[in-house]
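Worksheet for the structure shown next.
The values are calculated or read from the model by the stated rules, or taken from the named source; none is laboratory data. Since the model is a prediction, treat every value here as computed from it, not as a measurement. Cβ placement follows ideal geometry from the backbone for every residue including glycine, while neighbour counts extend to all protein chains displayed.
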């Protein structure tokens with residue numbers, strides 16, 4: 001793409017906005033003040049406008065900073081794993097995939113993950129490397145989980161859900177924390193978060209963290225043992241916000257992260273992975289007479305090296321996004337959001353054969369939230385994406401497509417609609433529909449890589465996966481338990497599911513296996529959650545999730561699967577999470593239990609068309625944290641994960657090990 | 001499709017029956033509380049060019065109306081020597097609806113219920129100084145005599161009269177306005 005033109009256009013828009021904001025008010029979201037005012041979690045992740053989570057027309061959850069602090073987890077994916085409808089597959093020490101509403105797999109491509117609205121999933125394939133996200137747990141204000149497709153608001157990848165990580169505001173919040181952690185697997189970790197301000201006109205928050213830990217030493221197929229990599233993470237992030245006018249703020253962010261771990265690939269095999277990521281971002285936020293306007297320009301750079309027994313792969317990916325949105329209110333009952341977005345996503349393959357596959361996406365979206373009366377509100381959102389694919393440079397001889405055939409054009413429509421009925425100020429019912437679009441990734445559509453004697457080839461004619469979701473939800477506070485009830489039932493159908501390495505194409509140059517759409521899959525499910533408090537000291541939470549999937553995939557031949565995609569048998573049907581917390585004086589005790597029913601999960605120790613189903617028995621696992629406040633500044637915490645057994649099988653990857661960690665943290 | 005829809009529907013239906021059968025009645029509204037004023041103070045923090053620091057709040061009441069007097073006294077007790085919430089500290093100043101000259105210099109006005117006959121005069125006085133009027137009497141906002149109504153049970157509810165707000169040249173942060181009800 002022409003980066004120079006994009007930057008120029010962005011600068012012009014930013015300048016125009018800055019000039020149009022005289023005599024108006026406020027800017028970035030003040031989550032803290034709004035939550036204190038309404039006494040309830042506040043979100044912008046549901047439909048792009050600030051609202052109480054209970055008023056949102058989608059099923060969602062908010063994990064607070066206090067819940068993060070009291071969890072047994074030491075990383076982002078661990079924080080998510082006790083939530084209803086969220087499945088975390090921990091593949092190795094340091095690598096996990098997270099799915100909302102089932103369909104988890106190595107390199108899950110159905111989840112959109114954001115940090116303050118900036119995408120942090122990796123856009124060459126649409127997967128998430130959770131420890132590559134340049135955030136320390138101590139700087140997170142809340143994590144918002146939106147369940148179900150939401151691409152009409154956020155764009156591609158938000159097909160099964162959205163995880164928006166909201167950090168403290170550098171201009172409004174003071175956060176100064178440091179911690180050191182040691183534990184089993186030779187775990188050593190340090191973390192620092194600091195903030196400072198200049199005359200209330202400039203706020204800065206800097207965070208840094210590093211972790212080293214051994215890989216799990218559980219039985220691993222011989223062919224994969226050489227790929228096992230110890231876990232190492234280094235992360236640095238700067239977030240700043242400047243009050244450049246009474247009603248306008250300028251945000252500048254930068255981050256870098258280096259993570260080595262043993263990944264579980266979409267081919268269902270282990271591989272050593274080295275992720276090097278950098279990002280830069282500039283935002284202008286202004287409360288104008290035309291509404292709350294935000295201009296956002298950012299770029300994410302990825303340098304990924306993957307090593308398997310048959311494949312050495314280097315991926316250089318850069319995505320640049322420019323987004324302009326306006327949120328405004330018409331009259332007393334119509335909240336509106338209009339947005340435009342340009343995205344350039346490029347994947348170089350120079351480490352392999354040369355050439356670049358890229359696409360440009362132009363998007364236009366609109367959201368209309370109509371507060372009909374005290375009892376009803378209706379929200380509708382549409383988004384149109386126009387994707388233009390392009391490939392330049394040399395190609396591998398066995399690839400069955402000419403470069404000109406990669407000049408594909410894709411026009412997609414995403415829809416979200418939700419009716420909220422609040423009949424009595426207490427009960428809330430939601431009826432919602434979402435049509436999510438999972439666009440082909442650059443790997444799906446045009447990557448080329450030699451894997452032993454075979455060439456893996458992207459397919460420029462592959463269709464996007466479409467996910468239609470229908471949902472009914474009910475929630476209410478429950479005074480008798482001093483808590484809340486939340487329920488949801490849903491039906492979801494995914495059509496044109498994509499897979500890499502599917503269709504063999506023989507030529508005199510060799511064998512290429514091409515990405516294809518492989519069929520559809522339906523899911524029906526439900527979740528129910530109760531939480532409550534007993535007296536001043538006790539709190540508890542209990543949730544159950546049902547996910548039942550029926551695949552119609554062109555996959556099975558005899559005892560093996562030809563494609564590393566299978567959801568019906570690999571998604572556990574029943575999951576139960578329970579947690580119990582007790583806090584008194586300087587002590588905090590938290591216990592987390594989890595039951596996951598049995599499943600048969602796809603496995604392939606080497607990248608090949610011969611995949612098998614690995615039985616994974618139902619299991620119960622427990623985690624815990626005990627915290628003791630030594631002084632006003634220092635806290636000592638003992639955390640244990642999967643503590644009931646020395647090692648246990650939770651996925652088709654090698655067994656996980658018990659982890660016990662001791663953390664000394666300081667708030668200054 | 002071989003999905004167990006029957007089981008799911010039966011389970012959900014049972015839960016609905018059990019839970020909707022529980023005694024979960026909403027409590028009747030009581031007099032103004034400390035919590036109501038905490039919400040008012042935090043709401044004032046979202047005003048453009050709103051009051052800062054320690055704010056004198058006029059508690060305007062009708063002295064010959066026992067209900068109004070009781071509400072005013074409850075408000076005075078709730079604010080005590082000064083109630084801190086967010087960046088503001090609210091301090092009570094008792095003002096009779098018959099003596100609105102005492103409104104000069106206050107940062108906000110709390111209009112106690114039972115002042116219906118004086119609300120036109122209170123609004124006029126508030127307009128003169130551009131001082132926001134707040135109440136726990138919904139009718140005052142619905143009639144356009146007060147800017148903001150606040151309730152805190154069963155959950156926080158804020159109602160803003162847009163026309164009155166504009167007439168008094170008062171404005172709020174747009175995020176705040178999207179989260180409250182406007183008429």
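So for region B:102-113 (the condition being farther than 22 Å from residue B:130 by Cβ and surrounded by 21 or more Cβ atoms within 10 Å (Cβ to Cβ)), does at least one residue qualify?
Within region B:102-113, one or more residues are farther than 22 Å from residue B:130 by Cβ and surrounded by 21 or more Cβ atoms within 10 Å (Cβ to Cβ).
Among the residues that make up region A:308-326, is at least one of them within 23 Å of residue B:173 (Cβ to Cβ), surrounded by 21 or more Cβ atoms within 10 Å (Cβ to Cβ), more than 24 Å from the chain's Cα centre (by Cα) and within 14 Å of chain B (Cβ to nearest Cβ)?
No - not one qualifying residue is present in region A:308-326.
For region A:272-281, which positions are crowded, with 18+ Cβ neighbours inside 10 Å and either over 22 Å from residue A:186 (Cβ atoms) or free of Cβ contacts under 8 Å to residues at least 12 places away in the same chain (or both)?
Scanning region A:272-281 gives A:277, A:279, A:281.
Report yes if residue A:96 is more than 14 Å from chain B (Cβ to nearest Cβ), over 17 Å from the mean Cα position of the chain (by Cα) and on the phi < 0 side of the Ramachandran plot, otherwise no.
no
Residues are listed down the side, and each one gets a yes or a no for (1) surrounded by fewer than 21 Cβ atoms within 10 Å (Cβ to Cβ); (2) more than 30 Å from residue B:142 (Cβ to Cβ):
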position	(1), (2)
A:366	yes, yes
A:375	yes, no
A:385	no, yes
A:391	no, yes
A:417	yes, yes
A:441	no, yes
A:460	no, yes
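Give region A:579-613 a look and list any residue that's surrounded by fewer than 17 Cβ atoms within 10 Å (Cβ to Cβ), in contact with a strand residue (DSSP E or B) (Cβ under 7 Å, 6 or more places away or on another chain) and assigned to a loop (DSSP other than H, G, I, E, B), or say none.
A:586, A:597, A:598, A:610
Condition check: touching a strand residue (DSSP E or B) at 6+ places or on another chain (Cβ under 7 Å) and either in a helix (DSSP H, G or I) or closer than 25 Å to residue B:171 by Cα (or both). Does residue B:133 satisfy that?
It is true that residue B:133 is touching a strand residue (DSSP E or B) at 6+ places or on another chain (Cβ under 7 Å) and either in a helix (DSSP H, G or I) or closer than 25 Å to residue B:171 by Cα (or both).
Here is a yes/no grid of residues against (1) within 19 Å of the chain's Cα centre (by Cα); (2) at pLDDT 95 or above; (3) within 14 Å of chain B (Cβ to nearest Cβ):
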{"site": "A:259", "(1), (2), (3)": "yes, yes, no"}
{"site": "A:267", "(1), (2), (3)": "no, no, no"}
{"site": "A:271", "(1), (2), (3)": "no, no, no"}
{"site": "A:284", "(1), (2), (3)": "no, yes, no"}
{"site": "A:302", "(1), (2), (3)": "yes, yes, no"}
{"site": "A:333", "(1), (2), (3)": "no, no, yes"}
{"site": "A:352", "(1), (2), (3)": "no, no, no"}
{"site": "A:359", "(1), (2), (3)": "no, yes, no"}
{"site": "A:362", "(1), (2), (3)": "no, yes, no"}
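Scan region B:139-155 and give yes if some residue there is outside any helix (DSSP H, G or I), away from chain A (no Cβ under 14 Å) and more than 24 Å from residue B:48 (Cβ to Cβ), otherwise no.
Yes, the conditions are met somewhere in region B:139-155.
In region B:161-173, which residues are closer than 18 Å to residue A:333 by Cβ, facing another protein chain (nearest Cβ under 8 Å) and surrounded by 23 or more Cβ atoms within 10 Å (Cβ to Cβ)?
Passing the criteria: only B:172.
Check off (1) within 11 Å of chain B (Cβ to nearest Cβ); (2) touching a strand residue (DSSP E or B) at 6+ places or on another chain (Cβ under 8 Å); (3) not in a strand (DSSP E or B) for residue A:463 and give me the number that stays unchecked.
Going through the list (1) within 11 Å of chain B (Cβ to nearest Cβ); (2) touching a strand residue (DSSP E or B) at 6+ places or on another chain (Cβ under 8 Å); (3) not in a strand (DSSP E or B), residue A:463 breaks only (1).
Could you tell me whether region A:483-496 includes any residue that is out of contact with any helix residue (DSSP H, G or I) (no Cβ under 8 Å at 6 or more places or on another chain), surrounded by fewer than 16 Cβ atoms within 10 Å (Cβ to Cβ), within 14 Å of chain B (Cβ to nearest Cβ) and farther than 28 Å from residue A:566 by Cβ?
Checking region A:483-496: at least one residue is out of contact with any helix residue (DSSP H, G or I) (no Cβ under 8 Å at 6 or more places or on another chain), surrounded by fewer than 16 Cβ atoms within 10 Å (Cβ to Cβ), within 14 Å of chain B (Cβ to nearest Cβ) and farther than 28 Å from residue A:566 by Cβ.
Can you confirm whether residue A:533 is crowded, with 18+ Cβ neighbours inside 10 Å and within 26 Å of residue A:59 (Cβ to Cβ)?
Taking the combined requirement at face value, the residue does not satisfy it.
Every residue in region A:56-75 that is more than 30 Å from residue A:472 (Cα to Cα) and part of a loop (DSSP other than H, G, I, E, B), please.
A:72, A:73, A:74, A:75
Regarding residue B:120, is this residue within 15 Å of the chain's Cα centre (by Cα) and away from every other protein chain (no Cβ under 14 Å)?
No, not satisfied.
Whether any residue in region A:530-547 is part of a loop (DSSP other than H, G, I, E, B), in contact (Cβ under 8 Å) with a residue 40 or more places away in the chain and closer than 30 Å to residue A:72 by Cβ is what I want to check.
Checked against the condition, which is being part of a loop (DSSP other than H, G, I, E, B), in contact (Cβ under 8 Å) with a residue 40 or more places away in the chain and closer than 30 Å to residue A:72 by Cβ, region A:530-547 yields at least one hit.
If a residue has to be under 24 Å from residue A:622 (Cα atoms) and buried (at least 17 other Cβ atoms within 10 Å of the Cβ) to count, how many in region A:560-578 make the cut?
6
Output the residue which, of all residues in region A:508-527 that are within 23 Å of residue A:493 (Cβ to Cβ) and surrounded by fewer than 20 Cβ atoms within 10 Å (Cβ to Cβ), is nearest to the other protein chains (Cβ to nearest Cβ).
A:522
For residue A:104, are the conditions met, namely being within 22 Å of residue A:237 (Cα to Cα) and either in contact with a helix residue (DSSP H, G or I) (Cβ under 8 Å, 6 or more places away or on another chain) or crowded, with 20+ Cβ neighbours inside 10 Å (or both)?
no
Is it the case that region A:404-424 has a residue that's free of Cβ contacts under 8 Å to residues at least 24 places away in the same chain, under 30 Å from residue A:474 (Cβ atoms) and out of contact with any helix residue (DSSP H, G or I) (no Cβ under 8 Å at 6 or more places or on another chain)?
Yes, region A:404-424 contains a residue that is free of Cβ contacts under 8 Å to residues at least 24 places away in the same chain, under 30 Å from residue A:474 (Cβ atoms) and out of contact with any helix residue (DSSP H, G or I) (no Cβ under 8 Å at 6 or more places or on another chain).
With the condition kept exactly as written, say whether any residue in region A:10-26 is within 12 Å of another protein chain (Cβ to nearest Cβ), surrounded by 15 or more Cβ atoms within 10 Å (Cβ to Cβ) and at pLDDT 50 or above.
So far as region A:10-26 goes, no, none of its residues is within 12 Å of another protein chain (Cβ to nearest Cβ), surrounded by 15 or more Cβ atoms within 10 Å (Cβ to Cβ) and at pLDDT 50 or above.
Determine whether residue A:63 is at pLDDT 85 or above, closer than 30 Å to residue A:652 by Cβ, surrounded by fewer than 20 Cβ atoms within 10 Å (Cβ to Cβ) and in contact with a helix residue (DSSP H, G or I) (Cβ under 9 Å, 6 or more places away or on another chain).
no
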